[in-house]
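The values are calculated or read from the model by the stated rules, or taken from the named source; none is laboratory data. On a predicted model such as this, the values are computed, not experimentally measured, just so you know. Virtual Cβ from ideal backbone geometry, glycine too; neighbours counted across all protein chains shown. Surface accessibility is based on the protein's heavy atoms, side chains included, excluding ligands, DNA and RNA. Shrake-Rupley method; radii C 1.70, N 1.55, O 1.52, S 1.80 Å.
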Amino acid sequence: MLGNIHLFKIPITCLTAVSYLENLSERVNILSLYQKLFPEKWLESTIPITKQSHPTSAYLDREIEFINLVNENLFPVEYIDEIEFNPERDSILVSPERLEWWNEDFEELVYSEKFLLSLMGQGYNISQWKLNFGFTPDYIAPAEEIYFEKFVKLCHRYKSPLQYLDIAIRIIDYSTGNIWLDVTCETSDWLEWTYENIVFLAQKWQEAVSMMEKSNEVSHLLETSISARKAAVKIWNQASKA
């Protein structure tokens, strides 16, 4: 009880009063979200509502329990391992799940990334394809000449993982329309802990996971099959305006 007595201290200055009320409001919000999003877990929890095991943390144990549930069931919470020791409350950070390829040495990228970027005109030139990808294309259409809607339709004609080639291209191009896949270090953002934001991010995370799984399938195929790489070039060129 003595360890939590500071929770009930009455603020004696305007500044501490404002801080106290803001913290109380955020605390009530988090606990309300816990009840709404995980009602069964809330009822099953044995953690006392006022328990705070980490005096330096801005969060009560119940709040930490909720944020861990979000991380385990809805979407990844950045710096989750540090929350117990964080003296300040954080909003939801939406940041890159992977390093941007343009900030890495091209030769250090994985095989499929180098292939897709080269296909898009941002990697090896045609004279280097034989050495790196096993064949030399007669021609590779410039990215600006590609009708992407046509490209998608051509991909979907395949029953193999090549049907997901458009997804792999959009992921590496950061043009999926999904907040988790398109965010970069420069566009990272903080969202408030609201029901609407949590539901939105959870839905987008599920979509992102599905897209990444499909991209991984076609990436593996491109790495292991020269015929798939040749087919990818064919699809790309067929989708050009020329």
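Remarks
- Failed condition for Val77, given (1) open to solvent by less than 50 Å² (accessible area, probe 1.4 Å); (2) not in a loop (DSSP other than H, G, I, E, B): (2)
- Just one of the numbered conditions (1) over 14 Å from Ala232 (Cβ atoms); (2) in contact (Cβ under 8 Å) with a residue 60 or more places away in the chain; (3) not basic (Lys, Arg) is not true of Leu162: (1).
- Counting only residues that are within 20 Å of Leu109 (Cα to Cα) and more than 14 Å from the chain's Cα centre (by Cα), the stretch 171-204 holds 1 of them.
- Look at the stretch 87-116: where a residue is without any contact (Cβ under 8 Å) to a residue 40 or more places away in the chain and a partner is surrounded by 12 or more Cβ atoms within 10 Å (Cβ to Cβ) and in a loop (DSSP other than H, G, I, E, B), sitting 6+ places away or on another chain with Cβ atoms under 8 Å, you get Pro87/Ser57; Pro87/Ala58; Glu88/Ala58; Phe106/Gly123; Lys114/Gly123; Lys114/Tyr124.
- Scanning the stretch 154-169 for residues that are of a type in the set (D, E, K, R) and surrounded by fewer than 21 Cβ atoms within 10 Å (Cβ to Cβ) gives Arg157, Lys159.
- Cβ-Cβ under 7 Å pairs, at least 6 apart or on other chains, the stretch 207-226 side on the phi < 0 side of the Ramachandran plot, far side open to solvent by 40 Å² or more (accessible area, probe 1.4 Å) and part of a helix (DSSP H, G or I): Lys214/Tyr164; Ser215/Tyr164; Glu217/Tyr164; Val218/Tyr164; Glu223/Tyr111
- Any hit, the stretch 42-64, residues being surrounded by fewer than 16 Cβ atoms within 10 Å (Cβ to Cβ), in contact (Cβ under 8 Å) with a residue 40 or more places away in the chain and more than 17 Å from Arg27 (Cα to Cα): no
- Subset of the stretch 62-119 (residues that are within 30 Å of Ala231 (Cα to Cα), in contact with a Ser or Thr (Cβ under 9 Å, 6 or more places away or on another chain) and among the aliphatic types (A, V, I, L, M)): Val110, Leu116
- For the stretch 193-212, the criterion of being more than 23 Å from Glu78 (Cβ to Cβ) and either modelled with pLDDT under 95 or open to solvent by less than 40 Å² (accessible area, probe 1.4 Å) (or both) is satisfied by no residue at all.
- Those helices (runs of 4 or more DSSP H) of the stretch 146-242 in which 1 or more residues are under 19 Å from Lys114 (Cβ atoms) and among the hydrophobic types (A, V, I, L, M, F, W, C) occupy 165-172, 195-224, 226-238.
- Test set (1) in a loop (DSSP other than H, G, I, E, B); (2) farther than 17 Å from Leu181 by Cβ - Arg98 fails condition number: (2)
- Only residues that are surrounded by 18 or more Cβ atoms within 10 Å (Cβ to Cβ) and either at pLDDT 95 or above or farther than 23 Å from Asp189 by Cβ (or both) were counted in the stretch 81-123, giving 11.
- Conditions (1) free of Cβ contacts under 8 Å to residues at least 24 places away in the same chain; (2) buried (at least 17 other Cβ atoms within 10 Å of the Cβ); (3) under 25 Å from the mean Cα position of the chain (by Cα): number failed by Val70: (1)
- Residue match in the stretch 135-153 (condition: polar (S, T, N, Q), surrounded by fewer than 14 Cβ atoms within 10 Å (Cβ to Cβ) and modelled with pLDDT under 95): no
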